[in-house]
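Student: Okay, here's the structure, questions in a sec.
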Amino acid sequence: MSSFTAGDAVRVRPVDPVGHTRVPRYIRGHVGRIVDAQGQWPLADDRAAGITEPRVETVYTVAFPARELWGEGTHEVTVDLWESYLERAAEERA
Amino acid sequence: MSGEHASSTVAVRVRRLEERLVAAGVVGDDQLDAILTKLLNGASPVNGARVVARAWTDPGFKERLLADANTALPELGLSMAGGLQEQRLKVVENTETEHNVLVCTLCSCYPIGLLGPSPSWYKSEAYRSRVVRDPRSVLAEFGLELPDGVTVTVWDSSAESRYMVLPRRPDGTDARGEEALARLVTREGLIGTAAV
Amino acid sequence: MSRVNDVGGQTGFGALEIETGEPAFHADWEARVYALNMALVRGGVYTLDEFRDAVERMAPAEYLAASYYERWLHAIETLVAERKVLGDE
């Protein structure tokens, strides 16, 4: 079921949904590295929309270097993201 | 945030809403009281502190805790199933070279069972907006200055996991037992905005 | 579209206000709001995700002017009205 494994480079899909989502805007379109898969959880977007059988997907912990997000900084930010928020990225950016 | 008058207005609003929901049989007063009793008696940073003290004194427990916190917590009679649904807990370890700090930029996700009700600053826009952008400036406002060589990781809990920091054990505490060590651990230490 | 709650990386919110010895709730009504929300989610009136959505749907100016539990109260009132829990009004 899980498409990504630890170390994979992923890009957060540059989407901008109208309703509730758990993708913070500061990571949209940015490339990060899969740290961990957390198992399967119902998709928050679907549950917030009142869908009685929400999609169930793997949630990943994804690490983003500060430089990727803000153009500067040495820290890292990790965000927990459902699989449909992510797409595979070219390896060289990770 | 609100003045005294505004507060009493909102208190009236809440009382009316509660009365109508109780009258309609949607919620019960006993149920509401039980929810608050459970929160105020059960949810506390004392729980997180016990976990930390055990990890400091029992290397096997620490290894299990870092690998899979949900299966390690029952060793202390704790669990992540006390809320609306069982949550995954990830414990992140501070070391000489790595410092971890927690946030929820979208709302206020927080391991309430282990850390107690969250402080207002954790829920504030000031904290949520800035800690992902410039964590060192935020930590400095708490009086925590980290050496340049330390890598900071900010954990934005945006899904179903909750996080807790395993702080570094203070120097000079070798002689202390588990209970005495637990008393050293603060809520801010478990969030990562203070050292212990 | 990004909502007012989505503040990660925004500037201008100022210094932190760190209250020492802060109580769990600053007023009794805050505790009642907390309990009401838990009870309504447990009772299946709405889900936690629908609750978060209702907080996020607040008008930005109203959201920013409201305290934490005032936002919760607003969201509960919104959902209770939308679901006609208290009958048609």
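The values are calculated or read from the model by the stated rules, or taken from the named source; none is laboratory data. The model shown is predicted, which means the values in this text are computed figures rather than measured ones. Methodologically, a virtual Cβ is constructed for each residue, glycine included, from the backbone with ideal geometry; neighbour enumeration extends over all protein chains shown.
Student: So which of A:Val10, A:Val23 is buried (at least 22 other Cβ atoms within 10 Å of the Cβ) and away from every other protein chain (no Cβ under 13 Å)? Let's see the steps before the verdict.
Tutor: Numbers: A:Val23 fails: away from every other protein chain (no Cβ under 13 Å).
Answer to the selection: A:Val10.
Student: Please go through (1) away from every other protein chain (no Cβ under 13 Å); (2) without any contact (Cβ under 8 Å) to a residue 24 or more places away in the chain; (3) touching a Leu at 6+ places or on another chain (Cβ under 7 Å) for B:Val27 and return the number of the only condition it doesn't satisfy.
Tutor: Every condition holds for B:Val27 apart from (1).
Student: Here's a follow-up. How about region B:85-180: which strands (runs of 3 or more DSSP E) wholly inside it have at least 1 residues that are within 12 Å of the chain's Cα centre (by Cα) and more than 27 Å from C:Thr47 (Cβ to Cβ)? Step through it out loud before you land on a result.
Tutor: Values: elements: B:88-93, B:98-103, B:151-156, B:161-166.
In region B:85-180, the matching strands (runs of 3 or more DSSP E) lie at B:88-93, B:98-103, B:161-166.
Student: Related question: Given the conditions (1) farther than 20 Å from B:Asp156 by Cβ; (2) more than 7 Å from chain B (Cβ to nearest Cβ); (3) modelled with pLDDT under 95, report the number of the one that C:Ala61 does not fulfil.
Tutor: (3)
Student: Continuing with the same structure: Does any residue in region C:32-48 that is basic (Lys, Arg) come within less than 6 Å, Cβ to Cβ, of a residue that is buried (at least 19 other Cβ atoms within 10 Å of the Cβ) and at pLDDT 95 or above six or more places away or on a different chain, and which pairs are these?
Tutor: Going by the 6 Å Cβ cut-off, the qualifying pairs are C:Arg32/B:Val14; C:Arg32/B:Glu18.
Student: Oh, and also: Right, B:Gly60: free of Cβ contacts under 8 Å to residues at least 40 places away in the same chain and either part of a helix (DSSP H, G or I) or more than 10 Å from chain C (Cβ to nearest Cβ) (or both) or not? Spell out how you get there, then give the answer.
Tutor: Numbers: free of Cβ contacts under 8 Å to residues at least 40 places away in the same chain: yes; either part of a helix (DSSP H, G or I) or more than 10 Å from chain C (Cβ to nearest Cβ) (or both): yes.
When the stated conditions are applied, B:Gly60 passes them.
Student: Just the residues that are crowded, with 19+ Cβ neighbours inside 10 Å, part of a loop (DSSP other than H, G, I, E, B) and more than 7 Å from every other protein chain (Cβ to nearest Cβ), please, taken from region C:31-58.
Tutor: Hits for region C:31-58 are C:Tyr46, C:Met58.
Student: Turning to a different aspect of this structure: Output yes when any residue across region C:8-30 is in contact with a strand residue (DSSP E or B) (Cβ under 8 Å, 6 or more places away or on another chain) and within 7 Å of chain B (Cβ to nearest Cβ), and no when none is. So that I can check it myself, show each step before the final result.
Tutor: Initial filter on region C:8-30 (in contact with a strand residue (DSSP E or B) (Cβ under 8 Å, 6 or more places away or on another chain)): C:8.
Add one more test, that the residue is within 7 Å of chain B (Cβ to nearest Cβ), and what stays is C:8.
Yes, region C:8-30 contains a residue that is in contact with a strand residue (DSSP E or B) (Cβ under 8 Å, 6 or more places away or on another chain) and within 7 Å of chain B (Cβ to nearest Cβ).
Student: Among the residues of region B:108-127, which ones are at the interface with chain C (Cβ under 8 Å from one of its Cβ atoms), more than 13 Å from B:Thr193 (Cβ to Cβ) and either in contact (Cβ under 8 Å) with a residue 12 or more places away in the chain or crowded, with 20+ Cβ neighbours inside 10 Å (or both)?
Tutor: Of everything in region B:108-127, those that are at the interface with chain C (Cβ under 8 Å from one of its Cβ atoms), more than 13 Å from B:Thr193 (Cβ to Cβ) and either in contact (Cβ under 8 Å) with a residue 12 or more places away in the chain or crowded, with 20+ Cβ neighbours inside 10 Å (or both) turn out to be B:Ser108, B:Gly116, B:Pro117, B:Lys123.
Student: For the list (1) in contact (Cβ under 8 Å) with a residue 60 or more places away in the chain; (2) facing another protein chain (nearest Cβ under 10 Å); (3) of a type in the set (S, T, N, Q); (4) surrounded by fewer than 19 Cβ atoms within 10 Å (Cβ to Cβ), I need the number of the one condition that B:Ser137 fails.
Tutor: (1)
Student: Out of all the residues in region C:64-89, which are at pLDDT below 95 and in contact with a helix residue (DSSP H, G or I) (Cβ under 6 Å, 6 or more places away or on another chain)?
Tutor: Correct list: C:Leu86 only.
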